[in-house]
1. Leaving ligands, DNA and RNA out of it, rank ASP73, ASP90 by accessible area with a 1.4 Å probe, largest first.
2. With every protein chain in place, what's the accessible area of LEU107 (1.4 Å probe, Å², nearest 10)?
3. For the chain, with only Lys/Arg (+1) and Asp/Glu (-1) charged at the beta-carbon, what is the dipole magnitude about the Cα centre, in debye rounded to 20?
4. Using a 1.4 angstrom probe, figure out how much accessible area region 55-95 has per residue, in square angstrom, rounded to the nearest whole.
5. For the chain, what is the relative contact order in percent, using Cα pairs closer than 8 Å and at least 6 residues apart in sequence?
6. Compute, for TYR80, the solvent-accessible surface of its heavy atoms (probe 1.4 Å) with the complete set of protein chains present, and express it in square angstrom to the nearest 10.
7. Provide the per-residue ³J(HN,Hα) series for region 69-78, in order, calculated from phi with Karplus coefficients 6.51, -1.76, 1.60 and θ = phi - 60°, each as a whole number of Hz, with x at glycine and proline positions.
8. Could you give me the ³J(HN,Hα) list for region 18-34, computed from phi with Karplus coefficients 6.51, -1.76, 1.60 and θ = phi - 60°, whole Hz, x at Gly and Pro?
Amino acid sequence: QVQLVESGGGLVQAGGSLRLSCAASGRTFSSYSLGWFRQAPGKERRFVAAISWSGGSTYYANSVKGRFTISRDNAKNTVYLQMNSLKPEDTAVYYCAASSLRLGTQLGDYNYWGQGTQVTVSS
């Protein structure tokens with residue numbers, strides 16, 4: 001069982017940066033793949049980034065590639081999402097997710113979810 005708690009969201013101007021954190025409970029954190037998804041108002045939840053258990057493999061949605069960086073610290077049971085050059089279209093609730101199944105980009109690849117943190121980018 002893994003519990004996930006996101007933090008670091010907020011209001012930022014276009015072009016600014018934010019770093020999201022997701023703290024996880026559970027002794028097997030280091031064995032899970034981790035991902036970030038986001039959901040804008042009225043839209044479906046979509047993949048943003050994912051990282052393997054070792055941190056050796058990462059995947060990004062095309063819309064954030066080159067601007068966002070996912071990383072993890074297994075000693076702190078935490079995964080991060082560094083978001084730079086933010087755009088108004090990045091506005092969404094951002095969710096952290098953990099997978100004991102696979103390193104994936106689909107909602108169904110993940111079996112644990114956090115409550116989400118709001119990110120709002122003003123123009």
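The values are calculated or read from the model by the stated rules, or taken from the named source; none is laboratory data. Everything numeric in this text was worked out from a predicted model, so none of it was measured. All Cβ positions, glycine included, derive from the backbone under ideal geometry; neighbour counts span all protein chains shown. For the accessible areas, the whole protein counts, side chains as well, though only heavy atoms, and no ligand, DNA or RNA atoms are used. Shrake-Rupley method; radii C 1.70, N 1.55, O 1.52, S 1.80 Å.
1. On the way: ASP73 45, ASP90 0 Å².
Putting ASP73, ASP90 in descending order of accessible area: ASP73, ASP90.
2. 80
3. Details: 12 positive and 6 negative charges, 23 e Å.
For this selection, approximately 120 debye.
4. Numbers: 1970 Å² over 41 residues.
Result: 48 Å² of accessible area for each residue.
5. Working: 313 pairs, mean separation 43.3, N = 123.
Once normalised by length, the contact order is 35 percent.
6. Per-residue accessible area (TYR80): approximately 30 Å².
7. Using θ = phi - 60°, the values come out as 9, 9, 8, 8, 10, 5, 5, 9, 6, 9 Hz.
8. Listing the rounded values in order: 9, 10, 8, 10, 9, 8, 10, 9, x, 6, 9, 3, 5, 8, 9, 6, 10 Hz.
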